[in-house]
1. Taking a 1.4 Å probe, which of R127, R180 shows the most accessible area, and what order do the others take after it?
2. Rank these by accessible area, largest first, 1.4 Å probe: R71, R57.
3. I want to check the label-to-label distance for Q49 and Q34. Put each point 7 Å from Cα in the C-beta direction and report it in nm to one decimal.
4. Taking amide H positions as placed in the peptide plane 1.01 Å from N, state which residues far from F186 in sequence (5 or more) or on other chains have amide H under 5 Å from it.
5. Name the residues whose placed amide hydrogens come within less than 5 Å of the amide hydrogen of D171, ignoring near sequence neighbours (fewer than 5 apart) on the same chain.
6. Using a Förster radius of 25 Å, what is the FRET efficiency between V176 and E139 based on their Cβ-Cβ separation? Nearest 0.05, please.
7. Carbon and sulfur together cover what percent of the accessible area of region 127-188 at a 1.4 Å probe radius?
8. Put D191, D126 in order of accessible area, largest first, 1.4 Å probe: what do you get?
Amino acid sequence: MRRRPALAIAALVAAVLGALGIAWLWTSSNEATQVIVVTADVPRGAAIQASDLATARVTLDPLLAPIPAARADELVGQRASAPLTAGTLMTESMVEPETLPGEGASLVPVALPPEQALGLDLEVGDRVKVVMTTPSGQEAGGNPPFTSAEVAGVTASPDTGTTVVSLLVPDVDGPVLADRVAAGNFYLVLDSREVD
């Protein structure tokens, strides 16, 4: 029996579409690229660890520019320029070189006793004030002097309960802050975390 022309054409179109679909799938799989993804949440300003990163094979959108997997070692030790969320593709804008303190800045370690550190829950990138307090036996007067700083690191000692906070300040404020901390008459105040 002779085939109907319409059925023959439909069969031909189906075959062509099937071949195109297979070709598209093969091309897509071969255009997938190995890139770096975040595997753990990293706070802004924190140093990136090797355990925070992994590689994934993805097909890229032309608008995206993730960092290739081959550059994973370059990212370890650099700091997050913004909070990193697990599952995010890493891009250049998410990291900044590890250069602390940078030019024009000083890094001052401050040891907080348990009663000061309790409740602050400090994070890298927090803005704080180191307020000079009135020595015992003296009368307080007016607003006390203070030094504004940014938290660059937080290390807690489970044995002593002391929390060492590394504070980043302009280099002109470094000696002043160090002197206040050495005197022991200070209190650390956490500023608002809301972004202006």
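1. Numbers: R127 105, R180 40 Å².
Listed by decreasing accessible area, they come as R127, R180.
2. Highest to lowest solvent-accessible surface, that is R57, R71.
3. Simple spin-label model gives 2.4 nm for this pair.
4. Residues meeting the amide H criterion: T133.
5. Distant-sequence amide H within range of D171: A105, S106.
6. Working from the Cβ atoms, E equals 0.65.
7. Numbers: 1880 of 3580 Å².
C and S atoms contribute 53 percent here.
8. D191, D126
The values are calculated or read from the model by the stated rules, or taken from the named source; none is laboratory data. Keep in mind it's a predicted model, so treat the numbers as computed, not measured. Cβ: placed from backbone, ideal geometry, glycine included. Neighbour counts: every protein chain shown. Side chains are part of the model used for accessible areas, which takes the heavy atoms of the whole protein and leaves out ligands, DNA and RNA. Shrake-Rupley method; radii C 1.70, N 1.55, O 1.52, S 1.80 Å.
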